[in-house]
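Pasting in a structure now, in structure tokens, and then I'll have a few things to ask.
The values are calculated or read from the model by the stated rules, or taken from the named source; none is laboratory data. Values in this document were obtained by computation on a predicted structure and should not be read as measured data. Note: ideal-geometry Cβ built from the backbone for every residue, glycine included; neighbour counts use all protein chains shown.
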Amino acid sequence: MALEGLLPLFQKRSKSSYIVAAILLITVKQIYSFFRVPTNLRHLPIVSFFAMAKSFLTSEPPYSRFKRITFPAIQKGNGFYVSKIPVGWTVYVANPVAAKQLLLKSGK
């Protein structure tokens, strides 16, 4: 296990071991935060970052990718879904009626 490799670091009790541990914890938190959906978007269906990345890396055809990954999320969320691809967390609107209401809604 990975923690067994860290135990000798903490047995030294030097300043450098604590600095290494702090850097490691910060790095793990940053990686976790990168893949974690923001709390205000968790009620929407999520298209997995890893599934999309694997699809792109294996050169899966767009229709197949849509049918396998995106379409189930669209059906589950009544035309709304959240995806990390391409850059940040983005809410996609695939239902034309919902898109029209969203775009024409006044910002009152």
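Take Val47 and decide whether it is touching a Leu at 6+ places or on another chain (Cβ under 7 Å), modelled with pLDDT of 90 or more and not aromatic (Phe, Trp, Tyr).
Against the criterion (touching a Leu at 6+ places or on another chain (Cβ under 7 Å), modelled with pLDDT of 90 or more and not aromatic (Phe, Trp, Tyr)), Val47 does not qualify.
May I ask you to list the residues in region 31-71 that are among the hydroxyl-bearing types (Ser, Thr, Tyr) and either within 24 Å of Asn95 (Cβ to Cβ) or part of a helix (DSSP H, G or I) (or both)?
Within region 31-71, Tyr32, Ser33, Thr39, Ser48, Ser55, Tyr63, Ser64, Thr70 qualify.
A follow-up question, please. Under 9 Å between Cβ atoms, which residue pairs at least 6 apart in sequence (or on different chains) link something in region 24-48 that is free of Cβ contacts under 8 Å to residues at least 60 places away in the same chain with a partner that is in a helix (DSSP H, G or I) and exposed (fewer than 10 other Cβ atoms within 10 Å of the Cβ)?
Matching pairs, first to second residue: Phe35/Phe50.
State which residue is nearest to the chain's Cα centre (by Cα) when the search covers only region 57-108 and only residues that are surrounded by 10 or more Cβ atoms within 10 Å (Cβ to Cβ) and among the charged types (D, E, K, R).
Lys84
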